[in-house]
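Data first, discussion second: the structure below is written as structure tokens.
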């Protein structure tokens, strides 16, 4: 029996306010994105006549369509397929390297970190709201879903920790509105020594100890900021400062955006959280009226049937929440009367699912066929040195649960795969001859009579010669030489 019953009308009001608050905060911060100095905003400047297009929202709209079409719970391989189809135009930083890896045949989660120096950035923390809204009052489930999303382009990095943190905080905000308690719940889902955890604890420490807002901002900047304006750590600190130091909805948003750097993202995340905490009643008309209720897609997003209005987005989000609760046997259900037990904080702090997500192997690729998802564990990067044996493993799962089975591996002519006797899960030693192009490893897996076939890519050393850090995937080409560091990006010229 469900321990928490959410009033469905109040829940939908909070979901609507979440998406509205996200558009408000993103639109407020958009003109100041990546500026490293502080600002002095008290309201929109300029005042908009519609919501600013923002990848913060758009990627989640594609995931919403994916969940509607493919069912719950989601699978890593499905994220990759939808990204390649509808999000491949996004060239920036971690998005660009995800595209590059997917195009080379790599799949999540290895697609999320291999030759990708932007795993510590903001691209996935800004995608947390969908998971919170379909798993309300269930922070550990929201965090585990956020891990899957972040595996596309931030696997193993601080971006993952950031998305898991915000998904948990926003999920808990459906039943509690104490900012400090929400922060504690979010921190319970991520590694205590990661930089996201450290910067959030620093922001909380400053607020508790009476450090002035502007001095707290300087502490966050001096300790955690980098040359990259979209680096996640400092920007998470800025969002928490706005949450704690602000006096009202607008003041909280302005305090966050006034910290500078990745302002559309920090503002959008805080706006969404405030919307969940207080519902539509907490959002003044002066802030909501300029952005309206229509969804404005970014030109890089390919429309796959995404919602056109916030009302439609809210209704479709709510349907998914009901489906997920029924599918997973959640502690949460929906009804006419809200019932929250006295021990709700203990439920909200449960983190087994979040920890299980963090324990997942990021050095693997995923493929799906039917109900079975198959994983090839590279036990290293996806590059095989000729003549050097690498022990790899195969696992599979159905509906999120690992299933036993038998596997057979087929390799290209001239390669050698020797099964490791008695190894569980199924493992094999792979040796490649000299090769200069990507190769396919085909796995035939049989689990409880359900057979499936999955193909995985192995890169040659020729395909993976490294990539210079903090250079976009679209900027660097072989034959270029990095000379010096500027405040925006490395200076690049052609070698002679």
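FYI, it's all coordinate maths here, none of it is from the lab. Treat the numbers as computed from the prediction; the structure is a model and nothing was measured. Using ideal geometry, Cβ is built from the backbone for each residue, glycine included, and neighbour counts are taken over all protein chains shown.
Things worth noting here:
- Value of Rg to Rh for segment 370-420 (Rh from inverse mean 1/r over Cα pairs, i.e. Kirkwood): 1.01
- Between residue 85 and residue 315, the C-beta separation translates, for a Förster distance of 30 Å, into a calculated FRET efficiency of about 0.80.
- Percent of alpha-carbon pairs separated by more than 23 Å within segment 101-236: 35 percent
- For peptides 460-467, 171-178, sequence by mean Cβ density within 10 Å, most packed first: 171-178, 460-467
- Extension gain, residue 465 to residue 177, is 98.8 nm, computed as 0.36 nm per intervening residue step minus the present C-alpha separation.
- In degrees, nearest ten, helix 76-86 long axis to first principal axis of the chain (Cα): 70 degrees
- Rounded Å value of the spacing that divides the Cα centres of segment 101-156 and segment 213-234: 23 Å
- Under 14 Å from the residue 406 label point (7 Å along Cα→beta-carbon), backbone N, segment 439-454: 444-452
- Most to least packed among 90-102, 447-459 [average Cβ atoms within 10 Å]: 90-102, 447-459
- Tail beyond 25 Å, pair distance distribution of segment 4-358 (Cα, percent): 47 percent
- Neighbour counting of Cβ atoms within 10 Å sorts the residues 352, 181, 327, fewest neighbours leading, into 352, 327, 181.
- Net length gained if the chain between residue 451 and residue 10 were fully extended (0.36 nm per residue, minus Cα distance): 154.3 nm
- Peptides 198-208, 57-67 ranked from most to least packed give 57-67, 198-208, packing being the mean of other C-beta atoms within 10 angstrom over each peptide's residues.
- Taking 0.36 nm per residue of separation and subtracting the Cα-Cα distance, full extension of the segment from residue 356 to residue 302 would add 16.1 nm.
- Across the chain, the relative contact order, built from alpha-carbon pairs under 8 Å that are at least six residues apart, equals 23 percent.
- Residues 293, 314, sorted so that the one with the fewest Cβ neighbours within 10 Å comes first: 293, 314
- As a rough footprinting exposure proxy, the listed residues 39, 209 were ranked by other beta carbons within 10 Å of their own, and the order from fewest upward is 209, 39.
- Shape call, segment 325-462: gyration tensor on alpha carbons, a/c limit 1.5: prolate
- Between 0 and 90°, nearest 10: helix 158-172 axis offset from the chain longest Cα axis: 50 degrees
- Using equal-weight Cα scatterers in the Debye expression, the normalised intensity of segment 242-285 in log10 at q = 0.30, 0.32, 0.33 Å⁻¹ is -1.09, -1.18, -1.22.
- C-alpha center-to-center spacing [segment 393-467, segment 299-329] in angstrom: 35 Å
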